[in-house]
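Below you'll find the structure, written out as structure tokens, and then a few comments.
The values are calculated or read from the model by the stated rules, or taken from the named source; none is laboratory data. What you see is a predicted model; the values in this text were computed from it and never measured. Counting neighbours? That spans all protein chains shown, and the Cβs are built from the backbone with ideal geometry, glycine included.
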Amino acid sequence: MKRGITVLVSLSALVTVAYFTVSKWAIRHETLTFNDPARDNRSVAVDVAVRRDKEMQANAGMITLPVAILNHGNTVKFSGYSFLANVFAARGYLAVSIQHDLPTDAPMVTKVGELYVGRLPQYQRGIANIRFAVEEMKKVQPNADYDHLTIVGHSNGGDISVYFARMYPDQIKKVVTLDNLRVPFMTDGRFKILSFRSKDPRFKTDPGVIPPEQVREKSGITVVQTDYQHTDMSDRGPDDVKSTIQGMLDKFLEDDSPLKPVETKTPPAMTEPGPVALYAPVKN
């Protein structure tokens, strides 16, 4: 019996790998660069992944593409999450991976005792990048649903994703994070959340980020505890890590059943985005 189960699991894994491998041939990747005049023509590059047949149908006005926004972790490039972008594209999404950091930006620092340990300026800049990139993508592909985003992020990009969802909950369909450490999840149940957590002693999640299990069950928050390292959750990670995440993400996207909002007496507190820094010059 055990051997039968082992064979079944192995076959399922092979089917999953084969599915995404074949799908890659039908997926088109393109890098676009926009310049934001409101921020001194700041460069915002995006990697677009889309299934060719779905793109043709959208261009013909036959369908409207769902949209996924991917946000990279600190020191990782926007192109470093193709294993995630391909899952979304294979499911018919328009996947848009945004480059948030520039070489001219000031380095990210940690300030203990400050809100989100001083990372708020990076989140604000990330939100400005997302909103600008979405407006530009509307010109590139108008037949896509930019009003109901699935927003995804790893590490600092995960915190940007949750912060964006907190500020614009009506624009969110689902949230997926990979080991975000600072910004607490919303618990009002307005959309479903999937979060993969690492087992990495170098990266500790701040208290209050992940709500208690009973709250998660009511709020539609699924937390997946893994044995992975924090830095494994990108294209540079091992193949078995990426394939496992792909499989669970695919199942999460398959479930489109509505989530009943949790009754709350007061809305979650949220700060205004405030002014967004343009960039800081770097000395040679």
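Annotation note: of Ala45, Ala68, the sole residue that is free of Cβ contacts under 8 Å to residues at least 60 places away in the same chain and either of a type outside the set (Ser, Thr, Tyr) or surrounded by 13 or more Cβ atoms within 10 Å (Cβ to Cβ) (or both) is Ala45.
Within segment 151-174, which residues are among the polar types (S, T, N, Q) and either farther than 20 Å from Thr187 by Cβ or surrounded by 24 or more Cβ atoms within 10 Å (Cβ to Cβ) (or both)?
Our first condition is that a residue be among the polar types (S, T, N, Q); within segment 151-174, this holds for 155-156, 161, 171.
Residues satisfying the conditions are Ser155, Asn156, Ser161.
Condition first: crowded, with 18+ Cβ neighbours inside 10 Å and either among the charged types (D, E, K, R) or in contact with a Pro (Cβ under 8 Å, 6 or more places away or on another chain) (or both). Can you find one or more residues in segment 52-60 that meet it? Yes, that holds for at least one residue.
Among Ala165, Ala128, Ala144, which is under 16 Å from Tyr93 (Cα atoms) and among the small types (Gly, Ala, Ser)? Before you say what the answer is, go through the steps one by one.
Details: Ala165 fails: under 16 Å from Tyr93 (Cα atoms); Ala128 fails: under 16 Å from Tyr93 (Cα atoms).
Just one listed residue meets the conditions, Ala144.
Take the residues in segment 211-220 that are more than 25 Å from Ala85 (Cα to Cα) and of a type outside the set (Lys, Arg), then tell me which one is surrounded by the most Cβ atoms within 10 Å (Cβ to Cβ).
First, the residues of segment 211-220 that are more than 25 Å from Ala85 (Cα to Cα): 211-219.
Filter once more, so that each one left must be of a type outside the set (Lys, Arg): 211-215, 217, 219.
Details: Pro211: 17, Pro212: 8, Glu213: 9, Gln214: 8, Val215: 14, Glu217: 11, Ser219: 20.
Within segment 211-220, the match that is surrounded by the most Cβ atoms within 10 Å (Cβ to Cβ) is Ser219.
A single entry from Ser161, Ser79, Ser97 fulfils the requirement of being part of a helix (DSSP H, G or I), within 30 Å of Asp239 (Cα to Cα) and either under 18 Å from the mean Cα position of the chain (by Cα) or hydrophobic (A, V, I, L, M, F, W, C) (or both): Ser161. Restricting attention to segment 91-136, the residues being among the hydroxyl-bearing types (Ser, Thr, Tyr), under 22 Å from Thr205 (Cα atoms) and touching a residue at least 24 places away in the same chain (Cβ under 8 Å) number 2. Taken together, the residues in segment 19-41 that are aliphatic (A, V, I, L, M), modelled with pLDDT of 90 or more and in a helix (DSSP H, G or I) amount to 1. Take the conditions assigned to a strand (DSSP E or B), within 20 Å of the chain's Cα centre (by Cα) and either modelled with pLDDT of 95 or more or among the hydroxyl-bearing types (Ser, Thr, Tyr) (or both) and apply them to Val44. Does it pass? The answer is yes for Val44. Can you tell me which residue in segment 221-236 is farthest from Val152 (Cα to Cα), limited to those that are free of Cβ contacts under 8 Å to residues at least 40 places away in the same chain and surrounded by fewer than 18 Cβ atoms within 10 Å (Cβ to Cβ)? Among residues in segment 221-236 that are free of Cβ contacts under 8 Å to residues at least 40 places away in the same chain and surrounded by fewer than 18 Cβ atoms within 10 Å (Cβ to Cβ), the one farthest from Val152 (Cα to Cα) is Asp227.
Comparison of Phe83, Phe164 shows that the only residue that is in contact (Cβ under 8 Å) with a residue 24 or more places away in the chain, of a type in the set (Phe, Trp, Tyr) and within 26 Å of Pro37 (Cβ to Cβ) is Phe164.
Mind listing just one residue for me: the one in segment 235-265 that is assigned to a helix (DSSP H, G or I) and either of a type in the set (D, E, K, R) or over 19 Å from Ser198 (Cα atoms) (or both) and, of those, modelled with the lowest pLDDT? Full working, then the answer.
Step one: list which residues in segment 235-265 are assigned to a helix (DSSP H, G or I), which gives 239-254.
With either of a type in the set (D, E, K, R) or over 19 Å from Ser198 (Cα atoms) (or both) added as a condition, the list becomes 239-240, 242, 250-251, 253-254.
Numbers: Asp239: 97, Asp240: 96, Lys242: 97, Asp250: 96, Lys251: 96, Leu253: 96, Glu254: 92.
Filtering segment 235-265 for residues that are assigned to a helix (DSSP H, G or I) and either of a type in the set (D, E, K, R) or over 19 Å from Ser198 (Cα atoms) (or both), the one modelled with the lowest pLDDT comes out as Glu254.
Of the residues making up segment 188-234, those that are within 18 Å of Tyr116 (Cβ to Cβ) and outside any strand (DSSP E or B) number 10. Answer with yes or no whether Gly61 is in contact with a His (Cβ under 9 Å, 6 or more places away or on another chain) and at pLDDT 95 or above. When the stated conditions are applied, Gly61 does not pass them. For segment 100-139, the set of residues classified as more than 25 Å from Pro184 (Cα to Cα), part of a helix (DSSP H, G or I) and not hydrophobic (A, V, I, L, M, F, W, C) consists of Glu135, Glu136, Lys138, Lys139, listed by residue number. Might you let me know whether segment 104-123 holds any residue that is under 13 Å from the mean Cα position of the chain (by Cα), closer than 22 Å to Asp159 by Cα, at pLDDT 95 or above and buried (at least 19 other Cβ atoms within 10 Å of the Cβ)? No, that holds for no residue.
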